[in-house]
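Report on the structure given below.
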Amino acid sequence: MNHPMTNRTKYTYSIGQISFEIKNTLFHYFFILFFSTVMGLPATLVGSAIFITLIIDAITDPIMGGISDEWRSKIWGRRHLFMLLSAVPTGLGLWFIFSPPLLLSSTNLFIWMLSFAILTRLGLTLFYIPYLALNAELTDSYDERTELSSLRTIFGELFKIGLLALFFTVFLVDPNPDIDGRMNPSAYAQMGKVGAICAVIAILISTLGTFNQVPRLNQKTHSSKSIKWWKVYGEIIKALRFKPFRSLSLGFIFFNIMAGITIALGLYFMTYFWEFTQEQSMYILIVMGVAVVPGAIIARIVQKMYDKKNGVIIALIFYAIIYCAPIMLRLLGLMPENNTENLFYVMLLFYFSGQICVMIGLILSESMMADVTDDYELETEKRQEGLLFSAIMFAKKATFGLGGFFAGIILDSIYFPVKTNPGEVDLSILWNLGFVVIPIVILLQLISAFFFNLYPITRAKHEETLKSLNR
């Protein structure tokens with residue numbers, strides 16, 4: 001390939017990440033809080049809905065990857081038609097999911113929640129699986145792939161900052177001193193509608209902005225044998241025998257279970273454990289978003305110093321330490337008291353530095369996945385970016401959602417109350433929350449680092465692969 005990307009291609013492609021981050025922001029930060037604490041559904045039931053949608057993803061993600069790999073269109077190529085078609089279901093799902101009628105029974109509320117969660121995820125499967133495959137197709141440069149992963153992450157995270165700022169300063173503001181704005185159902189409906197509009201715009205910009213690249217992208221596999229979409233699961237099983245893909249997939253799985261738990265519980269910790277105000281919570285989430293910039297810069301430095309695999313492992317270990325340290329210090333009585341400025345500034349530093357580690361790990365691991373596609377092509381003589389990315393994406397979403405499911409179990413197991421304002425939760429329940437989360441995070445991060453350490457592709461090996469592929 002070896003065609004340097006123009007800035008226009010880099011930026012319009014990267015904007016597509018915004019659509020995925022909008023869904024992540026709404027689902028990861030607010031989904032359990034809204035349907036459980038605000039609307040009154042049991043947290044385990046909300047977690048079950050997340051788990052059901054992920055079973056559907058298990059079916060649709062690999063199928064979408066297989067279909068886009070084998071699709072043939074002189075006008076649209078392999079990916080762009082599906083990316084364009086995704087705009088409608090994604091927009092409708094996000095528009096309606098947080099707008100249930102207020103008088104629905106628990107059963108009907110569950111059906112509403114599940115139906116639009118499925119629609120949203122199906123829409124994003126149409127877009128995001130082909131979109132991720134483009135990461136490996138637009139460039140085969142070891143460094144340029146990291147740059148592209150960095151730009152995607154920066155665009156997505158910075159937009160998330162603006163979105164969260166909007167949510168907290170406009171929609172979730174306290175209507176009066178006696179009511180917490182986070183308990184206002186109508187606020188979430190407005191948030192969903194804004195998210196839907198922005199996601200559709202991002203999808204269209206990314207799809208149409210990279211459309212001029214279609215003629216130079218790979219249009220077919222090198223092998224004369226085409227893989228039918230209904231045989232993709234067998235192909236994934238074959239791919240899992242390939243060490244680079246297997247080790248990277250397992251590393252992703254355990255990392256994302258941990259991430260699903262910590263993000264799903266994020267607002268619970270901010271609201272109840274640390275008792276931050278609306279404004280403080282907003283500033284923390286904004287600072288976490290800003291961390292993507294130093295994270296992206298440091299990721300490229302770490303890659304040059306330690307290579308991608310070692311950079312991911314270092315980032316994971318540091319994140320586990322930074323995440324658990326303040327909770328452990330609070331349990332030991334060594335943190336500043338709640339409702340003090342000292343606590344806020346100390347936690348701001350912890351959140352910021354921890355998120356930098358997350359960004360480094362995320363950027364480098366996604367770049368590693370693009371490199372796997374080249375090694376896999378050399379091994380099998382097939383270009384299957386869509387299939388491989390769909391498998392890793394499902395692993396990421398499924399385990400992230402599994403983390404959300406476990407978060408619901410954790411909340412129910414410690415009898416966390418619903419429809420409760422900050423400061424009203426029994427201290428023993430909050431202590432149990434911290435006590436349960438610490439060992440889970442440490443264990444999952446260590447397992448993830450173990451599997452990432454088995455990943456065999458280095459810069460030198462990747463260069464040899466490209467030479468063998470005559471690129």
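No lab work stands behind these numbers, since they all come straight from the coordinates. Just so it is clear, the model here is predicted, and its values are computed rather than measured. Here the Cβ is made from the backbone with ideal geometry for all residues, glycine too, and neighbour counts use every protein chain on show.
Stretched out fully, how many nm does the piece from ILE197 to ALA165 gain, at 0.36 nm a residue minus the Cα gap?
Contour length minus Cα-Cα distance gives 9.8 nm.
Hey, what does the equivalent ellipsoid look like for the chain, semi-axes from the Cα gyration tensor as sqrt of 5 times each eigenvalue, largest first, whole Å?
37, 25, 20
Hey, could you pull the Cα Rg and Dmax for the stretch 292-333, both in Å?
13.4, 41
With an 8 Å Cα cut-off and a minimum separation of 6 or more residues, compute the relative contact order for the stretch 3-137 in percent.
29
What is the spin-label model distance, in nm, from LYS467 to LEU348 if the labels are put 7 Å beyond Cα along the C-beta direction?
Roughly 5.2 nm, to one decimal.
Measure nothing fancy, just the Cα-based angle from helix 278-290's long axis to the longest principal axis of the chain, in degrees from 0 to 90, nearest 10.
The two axes meet at around 20 degrees.
Could you tell me the ratio Rg/Rh of the stretch 212-362? Both radii from Cα atoms, Rh via Kirkwood.
1.12
Taking θ as phi - 60°, what are the ³J(HN,Hα) couplings along the stretch 332-337 by the Karplus curve (6.51, -1.76, 1.60), each to the nearest whole Hz, with x for Gly and Pro?
8, x, 10, 9, x, 5
Hey, what do the phi angles of the stretch 127-141 turn into as Karplus ³J(HN,Hα) couplings, whole Hz, using 6.51/-1.76/1.60 and θ = phi - 60°, x for Gly and Pro?
Going residue by residue, I get 8, 6, 5, x, 4, 5, 4, 5, 4, 7, 8, 5, 8, 10, 6 Hz, with x marking Gly and Pro.
If you average the alpha carbon positions of the stretch 114-146 and of the stretch 411-471, how far apart do those two centres end up, in angstrom?
A separation of 22 Å, based on Cα centres.
Using the alpha-carbon atoms, what tilt in degrees (0 to 90, nearest 10) does helix 385-413 show relative to the longest principal axis of the chain?
10
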